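Read-outs throughout are calculated quantities, based only on the coordinates presented, and are distinct from any laboratory measurement. If you're wondering where the values come from, they're calculated on a predicted model, not measured in any experiment. FYI the Cβ positions are ideal-geometry reconstructions off the backbone, even for glycines, and counts take in every protein chain you see.
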């Protein structure tokens, strides 16, 4: 699974805006269960970066759920070292 867009973060140390292209985020299905309308899948990605200005370490964990298959359901972000300014686009794209 791939997502699109750019993740925009503000460094907690120097307040510099940092942009991470979604192409750097690799999502893997970590959980799947059957529900009434089909499978619910949980995709997870973790990524480490650093502020482009002060070099503070930034850690990112993202969970994206789809339910039913192919439809965005929810997302959850855990970010250390920066504050989320803009999420990645939630449209799901699957490699052919």
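First obtain the Kirkwood hydrodynamic radius of segment 1-52 from its Cα pairs, then insert it into the Stokes-Einstein equation at 37 °C and 0.692 mPa s, and state the resulting D in µm² per second as a whole number. Numbers along the way, then the final one.
Values: Rh = 13.2 Å.
Taking Rh from Cα pairs, D becomes 249 µm²/s.
Spin-label point model (7 Å from Cα, Cβ direction): what's the residue 12 to residue 50 distance in nm?
Placing both labels 7 Å beyond Cα along the Cβ direction yields 1.8 nm.
Wrap a convex hull around the Cα atoms of segment 2-93, take a quarter of its surface area, and give that in square nanometres. Could the numbers behind the result be given before it?
Working: hull surface 21.4 nm².
Taking the Cα atoms of segment 2-93, their convex hull projects to 5.4 nm² on average.
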